[in-house]
Amino acid sequence: MREYLVEEIAQAVDGKIEGKIIPQSINLISIDSRRLLNPEKTLFIALMGKNKDGHQFISDAHLKGVRVFLVEHTEYQLFQDVIFIIVKDTLKALQQFATYHRNQFQFPVIGITGSNGKTIVKEWLNQMLSQEYDICRSPKSYNSQLGVPLSIVQMEKHHNLAIFEAGISTIHEMENLAKMIQPSIGIFTNIGPAHDSGFKNQQEKIKEKLKLFTDCKLLIYCNDYTSIASEIPQSLTTASWGKSNSSKYQIVAQTSQNNCTHIELQFNSKKYDFNIPFSDKAYIENCLHCIVFMLELNIHPATIQTRISQLRILPMRLELKYGINDCIIIDDSYSADLLSLEKALEFYNQQESKKKRTLIISPFAQSGMDDLQLIEKLLNIIRQQKFQKIIFVGDLFLQNYNKLSHLKAELHCFSTTEDLLNQIEGIHFDRELILIKGARQFQFEKVSHQLLGQSHRTVFEINLNALSENFDIFKSFLKKKTGIIPMVKAFSYGIGSVEVATILEEKGVDYLAVAYVDEGRQLREGGISTRIIVMNPSIQDFSKMVEYQLEPEIYHISILESLIYYLETNGYRGYFPIHVKIESGMNRLGFQSFAINQLIETLQNQEVVKVATIFSHLAASDEPEMDDFTHEQLKRFEELSTTILNSLDYPIKRHILNSSGIIRFTDYQYDYVRLGIGLYGIDSSHSIQSKLTTIGTLKTTISQIKDIHQGETVGYGRRGHKDHPIKIAIIAIGYADGYDRRFSNGIGEVFIRGQKAKIIGNICMDMCMADVTHIDEVKEGDEVEIYGKNISIIECAEKIGTIPYELLTKISRRVRRMYFWN
């Protein structure tokens, strides 16, 4: 944003200034001390959250160079070189400042609300209008009471159009958002069940959402949502579309074929034909909002059609991949502007810190700045990040190399991407964390592909956003004071331990749990600092536990005594945290009831360990027919754990619920719950499966297509055969990759070109075969989904009499993991 003096900010938010008054200007806002791009120019806002107080992180932000803070109090601060702006409510103050900042600009602002589609419509409008406008838009899905002001402060004088989302979850929220956004044009995408619990009924929700558009000059909406249409005030100028003949833009014809949709719109006796490159109902609806908006701007239909043809279902995500020479590649070549660069750097800075920091970057198209301004902006951001290697691609950088040469890094500069690719073998990459960020015309996907090297064609794509959303869904079942201990054992159920743990650490969990010490060591070496519980420790691992600060589960008196002896003889100072497991009926690890007194006596007669938590494990929390047994377990745990608590003179926390227990036994949350398979999108209780998202998609490719004549067989043992000619696809995955051999001979199915295809013959070590006779235009190289959106891993597990846990953990380490993060 533009620079503001501290005094101007204080006046805008009705704040009182404390501290040393010096001329100080601000052009960045941060609410997270871990994500500071230019601390000297940053206003850190200490927000009060449900579980965290932002004032606790002021010292961390100060240590990193921040000197101006927006706070509600200063009672914990001892700094002499800072400026505090003191307000009653920091969130409201941020909203006040956003409103003040918004009032500096007079260009058009589009406000988008609705139950679904807000982000896609925003991003597609940005794509379709970027040639005519320099656009400021909400990052990601920033549409809340916090996200909207953070979006608005991104507005700068070079912009001439803004697009902001607005989302609400209950009444009286939209007034705040409308005051900040002040849209001149509105889009109401649709209405659905999202956030129904915050409203009396759907009509109340519609009325609340419509408050965004009170002063709009134009509102675009779909007339087929009669519940929306009936609530729109007659005073609003509207551009409705839909099948109803009362729509301004009426759909008079619609046909779909080969994943494309032909739409014929009629307006004032004029007909417009558009070919939309999607067949999904939601994408068609989103696209029609964009079409009508552009028609209202008097953009020629032929131009609109050209822009539609270039639309893509935006990944809107960062891709984390493993490349050559132990490099990690963060590929963010889908969007190219300063805001998306800042967001990419936030994700980048969450990753493993021990690797060399490398940036590959191109100039940004439609930045709205002249070349020198853009160079200076980029340099300011890059200097803060302390990259050790930077590869610049583009004539702009070559022409201004004298400005770049002052950077303290290994520098390379190329005119084109082809030039880089031709010389890339001369640049040594080894153990580097590489951020690839470029405008689409530079085709940096070629660079990413080159850095991946030759790799197995089978890939396990992991959606880290879905993991985060699943976490939040389970958290919604908990009391505010109940914490979550995520299970990241077994390579995080095959997903990837460090990558998953990084996201969970961002979520602020108190503990992570692993099975073995080596799993905990890997997390520590990957930069994870959260407390870690080791569920299956051994006496031989005590030294590693101390070295890596790993906290053992103690399930037997012998291992407790051995740990105490090790700590005492090695001069350990302080109390080493342990986690006591009680046997309540699972009949696995744990102290049985007769051993509790000996456990207490041992704990009372030593001074090197303290019990952090007491826990147990439910055997059948997902099986209603065994609820009587589960209640017996819960009763036994309550009795035995209370005995321990009453015998020790310090506070100890407790936990017993697993994923299905969280859903089905909410009265027994205690201090923590343990979230395992539910985190990865699988509800073994089958109560909330529709709300969860399976976070992984296992996919591969077709290696070869073959015609099989009548009488011929397929695969080992000649098990695959038909009584008629067929066409088969040889697929690049086998049981060595984790594709279970029990899926052989028609039990398993894969998904190719929009259709399911049965496995034929026995699954081999490195490949399998599928009958694709019924699939038109199938060809070698086509993508094949093994598990994912279209092939449910839950249903696959049921087919072969196992559980999804087994299928996930079976996916081989040789299968490349690719991580996505919005």
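The values are calculated or read from the model by the stated rules, or taken from the named source; none is laboratory data. Quick caveat: nothing in here was measured; it's all calculated off a predicted structure. Heads up, the Cβs are rebuilt from the backbone with ideal geometry, glycines too, and the neighbour counts pull from every protein chain shown. These area figures cover heavy atoms from the full protein model, side chains too; ligands, DNA and RNA do not enter into them. Shrake-Rupley method; radii C 1.70, N 1.55, O 1.52, S 1.80 Å.
Can you work out which of the residues in the range 154-167 that are assigned to a loop (DSSP other than H, G, I, E, B) and open to solvent by less than 10 Å² (accessible area, probe 1.4 Å) is farthest from Asp32 (Cα to Cα)? Quick ask: steps written out before the conclusion?
Of the residues in the range 154-167, the ones assigned to a loop (DSSP other than H, G, I, E, B) are 154-160, 166-167.
Those still in the list that are open to solvent by less than 10 Å² (accessible area, probe 1.4 Å) too: 155, 166.
Details: Met155: 20, Ala166: 22 Å.
Checking each candidate, the answer is Ala166.
Within the range 563-585, how many residues turn out to be at negative phi and loosely packed, with under 15 Cβ neighbours inside 10 Å? Working first, answer last.
The initial filter retains those residues of the range 563-585 that are at negative phi, namely 563-570, 572-573, 575-584.
Still in the list and also loosely packed, with under 15 Cβ neighbours inside 10 Å: 565, 568-570, 573.
Matching residues across the range 563-585 total 5.
Just checking: which of the strands (runs of 3 or more DSSP E) contained wholly in the range 721-822 hold 2 or more residues that are of a type in the set (Asp, Glu)? Even if it seems obvious, please write down each step before you answer.
Values: elements: 726-731, 749-752, 755-758, 768-771, 783-787, 816-821.
Counting at least 2 such residues, we get 783-787.
Within the range 182-200, how many residues are open to solvent by 30 Å² or more (accessible area, probe 1.4 Å) and in contact with a Gly (Cβ under 6 Å, 6 or more places away or on another chain)?
0
For the range 449-508, which residues satisfy the criterion of being assigned to a helix (DSSP H, G or I), more than 21 Å from Asn658 (Cβ to Cβ) and among the polar types (S, T, N, Q)?
Residues satisfying the conditions are Gln450, Asn465, Thr502.
Taking the conditions exactly as written (of a type in the set (A, V, I, L, M), modelled with pLDDT of 85 or more, open to solvent by less than 40 Å² (accessible area, probe 1.4 Å) and outside any helix (DSSP H, G or I)), does Leu359 satisfy them or not?
Numbers: of a type in the set (A, V, I, L, M): yes; modelled with pLDDT of 85 or more: yes; open to solvent by less than 40 Å² (accessible area, probe 1.4 Å): yes; outside any helix (DSSP H, G or I): yes.
Yes.
Just wondering, is there one or more residues in the range 338-348 that are hydroxyl-bearing (Ser, Thr, Tyr), under 23 Å from the mean Cα position of the chain (by Cα), at pLDDT 80 or above and under 30 Å from Leu504 (Cβ atoms)? Don't jump to the end; show me each part of the working.
Residues of the range 338-348 hydroxyl-bearing (Ser, Thr, Tyr): 340, 348.
Then drop every residue that is not under 23 Å from the mean Cα position of the chain (by Cα), which leaves 340, 348.
If we keep only those that are at pLDDT 80 or above too, we end up with 348.
Now drop any that are not under 30 Å from Leu504 (Cβ atoms), which leaves 348.
Checking the range 338-348: at least one residue is hydroxyl-bearing (Ser, Thr, Tyr), under 23 Å from the mean Cα position of the chain (by Cα), at pLDDT 80 or above and under 30 Å from Leu504 (Cβ atoms).
Can you find a residue that is of a type outside the set (A, V, I, L, M), in contact with a Gly (Cβ under 8 Å, 6 or more places away or on another chain), open to solvent by less than 40 Å² (accessible area, probe 1.4 Å) and in a loop (DSSP other than H, G, I, E, B) anywhere in the range 203-220?
For the range 203-220, residues of a type outside the set (A, V, I, L, M), in contact with a Gly (Cβ under 8 Å, 6 or more places away or on another chain), open to solvent by less than 40 Å² (accessible area, probe 1.4 Å) and in a loop (DSSP other than H, G, I, E, B): present.
Can you name every residue in the range 419-428 that is more than 32 Å from the chain's Cα centre (by Cα) and either under 15 Å from Gln441 (Cα atoms) or open to solvent by 90 Å² or more (accessible area, probe 1.4 Å) (or both)?
The answer is Asp419, Asn422, Gln423, Glu425.
Hey, among the residues in the range 64-81 that are open to solvent by 70 Å² or more (accessible area, probe 1.4 Å) and modelled with pLDDT under 90, which one's nearest to the chain's Cα centre (by Cα)?
Of all residues in the range 64-81, those open to solvent by 70 Å² or more (accessible area, probe 1.4 Å) come to 64, 67, 75-76, 78, 80-81.
Keeping just the survivors that are modelled with pLDDT under 90 gives 64, 75-76, 78, 80-81.
Numbers: Lys64: 26, Glu75: 35, Tyr76: 33, Leu78: 36, Gln80: 39, Asp81: 37 Å.
The extreme case among them is Lys64.
Among the listed residues Gln540, Gln549, which satisfies the condition of being in contact with a helix residue (DSSP H, G or I) (Cβ under 8 Å, 6 or more places away or on another chain) and either surrounded by fewer than 19 Cβ atoms within 10 Å (Cβ to Cβ) or on the phi > 0 side of the Ramachandran plot (or both)?
Values: Gln540 fails: in contact with a helix residue (DSSP H, G or I) (Cβ under 8 Å, 6 or more places away or on another chain).
Going through Gln540, Gln549 in turn, the sole match is Gln549.
Could you list, in sequence order, the residues of the range 97-145 that are hydrophobic (A, V, I, L, M, F, W, C), open to solvent by 10 Å² or more (accessible area, probe 1.4 Å) and modelled with pLDDT of 95 or more?
Keep residues of the range 97-145 that are hydrophobic (A, V, I, L, M, F, W, C), which gives 97-98, 105, 107, 109-110, 112, 120-121, 124-125, 128-129, 135-136.
Add one more test, that the residue is open to solvent by 10 Å² or more (accessible area, probe 1.4 Å), and what stays is 105, 107, 120, 135.
Selection gives Phe105, Phe107.
Is there any pair with a first residue in the range 338-367 that is under 19 Å from Asn38 (Cα atoms) and a second that is modelled with pLDDT of 75 or more and among the hydroxyl-bearing types (Ser, Thr, Tyr) whose Cβ atoms are under 6 Å apart and which are 6 or more apart or on different chains, and what are they?
Pairs found: Gln350/Thr502.
Would you confirm whether any residue within the range 489-496 is free of Cβ contacts under 8 Å to residues at least 60 places away in the same chain, more than 23 Å from Ile793 (Cβ to Cβ) and either open to solvent by less than 40 Å² (accessible area, probe 1.4 Å) or not aromatic (Phe, Trp, Tyr) (or both)? Break it down into steps so the answer makes sense when it comes.
Let us first name the residues in the range 489-496 that are free of Cβ contacts under 8 Å to residues at least 60 places away in the same chain, namely 489.
The next check asks that each one be more than 23 Å from Ile793 (Cβ to Cβ); those that pass are none.
Among the residues of the range 489-496, not one is free of Cβ contacts under 8 Å to residues at least 60 places away in the same chain, more than 23 Å from Ile793 (Cβ to Cβ) and either open to solvent by less than 40 Å² (accessible area, probe 1.4 Å) or not aromatic (Phe, Trp, Tyr) (or both), which makes the answer no.
Do we have Glu519 as among the charged types (D, E, K, R), under 19 Å from Phe615 (Cβ atoms) and assigned to a helix (DSSP H, G or I) here?
Considered against the rule, which asks whether it is among the charged types (D, E, K, R), under 19 Å from Phe615 (Cβ atoms) and assigned to a helix (DSSP H, G or I), Glu519 comes out as yes.
Strands (runs of 3 or more DSSP E) wholly in the range 242-351 with at least 2 residues that are surrounded by fewer than 21 Cβ atoms within 10 Å (Cβ to Cβ) - which ones?
Per the criteria, 249-257, 260-267, 270-276, 318-322.
So, in the range 587-616, of the ones that are open to solvent by 60 Å² or more (accessible area, probe 1.4 Å) and part of a loop (DSSP other than H, G, I, E, B), which residue ends up farthest from Ile533 (Cα to Cα)?
As a first pass, look at the range 587-616 and keep what is open to solvent by 60 Å² or more (accessible area, probe 1.4 Å): 587-588, 592-594, 597-598, 601, 604-605, 607, 610.
Remaining after also requiring part of a loop (DSSP other than H, G, I, E, B): 587-588, 592, 605, 607.
Working: Asn587: 20, Arg588: 17, Gln592: 21, Asn605: 24, Glu607: 21 Å.
Once the filter is applied, the top-ranked residue is Asn605.
When the range 221-231 is examined, which residues are found to be in contact with a helix residue (DSSP H, G or I) (Cβ under 7 Å, 6 or more places away or on another chain) and either surrounded by fewer than 19 Cβ atoms within 10 Å (Cβ to Cβ) or in a strand (DSSP E or B) (or both)?
Result: Tyr221, Cys222, Ser227, Glu231.
What about Lys179, is it touching a residue at least 12 places away in the same chain (Cβ under 8 Å), surrounded by fewer than 17 Cβ atoms within 10 Å (Cβ to Cβ) and closer than 25 Å to Thr90 by Cβ?
Working: touching a residue at least 12 places away in the same chain (Cβ under 8 Å): yes; surrounded by fewer than 17 Cβ atoms within 10 Å (Cβ to Cβ): yes; closer than 25 Å to Thr90 by Cβ: yes.
Answer is yes for this residue.
Of all residues in the range 693-737, which are buried (at least 20 other Cβ atoms within 10 Å of the Cβ) and among the aliphatic types (A, V, I, L, M)? Step through it out loud before you land on a result.
At the first step, the residues of the range 693-737 found to be buried (at least 20 other Cβ atoms within 10 Å of the Cβ) are 694-700, 702, 708, 714-715, 720, 726, 728-729, 731, 733, 735, 737.
Listed by number, the residues that qualify are Ile695, Leu698, Ile702, Ile708, Val714, Ile726, Ile728, Ala729, Ile731, Ile733.
In the range 399-418, which residue that is in a helix (DSSP H, G or I) and either of a type in the set (S, T, N, Q) or open to solvent by less than 80 Å² (accessible area, probe 1.4 Å) (or both) is nearest to Phe444 (Cα to Cα)?
So in the range 399-418, the residues in a helix (DSSP H, G or I) come out as 399, 401-404, 417-418.
Okay, now just the ones that are also either of a type in the set (S, T, N, Q) or open to solvent by less than 80 Å² (accessible area, probe 1.4 Å) (or both), so 399, 402-404, 417.
Values: Gln399: 21, Asn402: 24, Lys403: 24, Leu404: 21, Thr417: 7 Å.
Among those residues, the one meeting the criterion is Thr417.
Cβ contacts < 8 Å: first residue without any contact (Cβ under 8 Å) to a residue 60 or more places away in the chain and farther than 22 Å from Leu345 by Cα, restricted to the range 36-57; second residue crowded, with 16+ Cβ neighbours inside 10 Å and of a type in the set (A, V, I, L, M, F, W, C), any location; separation 6+ or different chain. Result?
Listed by first residue and then by second, the contacts come to Met48/Leu91; Asp53/Ala46; His55/Ala46; His55/Val71.
Does the range 643-699 hold any residues that are closer than 28 Å to Phe576 by Cβ, charged (D, E, K, R) and part of a loop (DSSP other than H, G, I, E, B), and which are they?
Asp649, Asp671 - these are the residues of the range 643-699 that are closer than 28 Å to Phe576 by Cβ, charged (D, E, K, R) and part of a loop (DSSP other than H, G, I, E, B).
Please report, ordered by residue number, the strands (runs of 3 or more DSSP E) entirely within the range 56-120 with at least 1 residues that are under 15 Å from Leu43 (Cα atoms).
Details: elements: 68-71, 83-86, 109-113.
Where strands (runs of 3 or more DSSP E) fall fully within the range 56-120 and carry at least 1 residues being under 15 Å from Leu43 (Cα atoms), they are 68-71, 83-86.
Could we say that Gln234 is in a loop (DSSP other than H, G, I, E, B), crowded, with 20+ Cβ neighbours inside 10 Å and either at pLDDT below 95 or in contact with a Phe, Trp or Tyr (Cβ under 7 Å, 6 or more places away or on another chain) (or both) here?
no
Just to be sure, is Gly19 surrounded by 14 or more Cβ atoms within 10 Å (Cβ to Cβ), at pLDDT 90 or above and not aliphatic (A, V, I, L, M)? Before the answer, list the steps.
Working: surrounded by 14 or more Cβ atoms within 10 Å (Cβ to Cβ): yes; at pLDDT 90 or above: no; not aliphatic (A, V, I, L, M): yes.
Spelling it out, it is not the case that Gly19 is surrounded by 14 or more Cβ atoms within 10 Å (Cβ to Cβ), at pLDDT 90 or above and not aliphatic (A, V, I, L, M).
Kindly list the number of the only condition in (1) touching a residue at least 40 places away in the same chain (Cβ under 8 Å); (2) touching an Asp or Glu at 6+ places or on another chain (Cβ under 8 Å) that fails for Gln592.
All conditions pass for Gln592, except number (1).
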